[in-house]
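None of the figures in this text is laboratory data; all of them are computed from the coordinates on show. Please read all numbers here as calculations on a predicted model, not as lab measurements. Positions of Cβ are backbone-derived with ideal geometry, glycine not excepted, and every protein chain shown enters the neighbour counts.
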Amino acid sequence: MCLFQNEEQLMSMTTKKQERESADGISIKGTREGLVVTIGGGKWSELMNELTRHLRDKTSFFGGAQAILDAGPRELVIEDLIQIRELFSANRMEMCGVRTTAPQTLEAAAALEIPVKTVKDYAVRSIPESHLDQQTEEALFLKRTIRSGQVVQHPGHITIIGDVNPGAEVVAGGDIIIWGKLRGTVHAGARGDNSAVVSALFFAPTQLRIGNHIARSPEGEERNAVVPEIARVDKNGIVVEPWNASKQ
């Protein structure tokens with residue numbers, strides 16, 4: 001008789017349990033990260049009423065806590081996140097992050113500068129292999145600067161019109177295209193895809209990863225490249241070269 005299950009089986013069971021628990025209504029649980037408030041399915045107004053009741057009835061218990069909003073696949077806009085954040089604040093709670101598998105919700109959180117705490121747990125690690133090709137075809141487009149402390153993670157390609165500042169991190173299952181200055185940390189091909197590429201108008205990442213390969217910028221080196229550059233993996237590891245569209 002088998003008494004032990006491997007990590008993949010346990011993760012699958014946990015995920016299915018969480019999906020059942022959060023399919024409808026509101027769930028609030030304590031974790032090492034703090035409180036996790038999960039939004040299930042149903043009408044938005046009813047969910048907000050239910051969340052208000054939960055928080056009001058246990059204000060003395062939840063007061064002062066940091067909370068992560070777990071929106072799962074639900075698509076939220078900026079106004080939705082503001083409404084929940086204000087509801088948390090009214091009950092002496094702080095929204096310290098958002099979990100989501102929906103690009104629209106991720107973009108709304110980024111616009112409000114709310115950290116996306118564990119997108120990789122949902123969007124990269126937990127995507128069934130049978131859905132990988134379908135997922136990675138969907139690109140995430142952001143028109144903003146990614147500031148220090150912010151993390152953007154997505155299972156497909158990521159295109160950013162703006163800068164990636166030092167201390168910021170971008171993780172993609174596919175390629176990463178930055179129409180601006182790259183000075184932060186990037187990881188393309190996060191599932192082990194060594195054919196992924198990273199390109200930017202100004203290329204000076206703090207740390208660069210492609211698939212299973214990793215490289216760092218030499219300390220103290222100032223790059224003065226005036227042409228867009230692209231990084232890819234060849235037989236010698238990660239190489240960076242001028243980005244010539246005609247050769248791509």
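Quick notes
- Sequence ranges 174-183, 232-241, ranked by mean other-Cβ count within 10 angstrom, highest first: 174-183, 232-241
- Net length gained if the chain between Ser27 and Arg92 were fully extended (0.36 nm per residue, minus Cα distance): 21.6 nm
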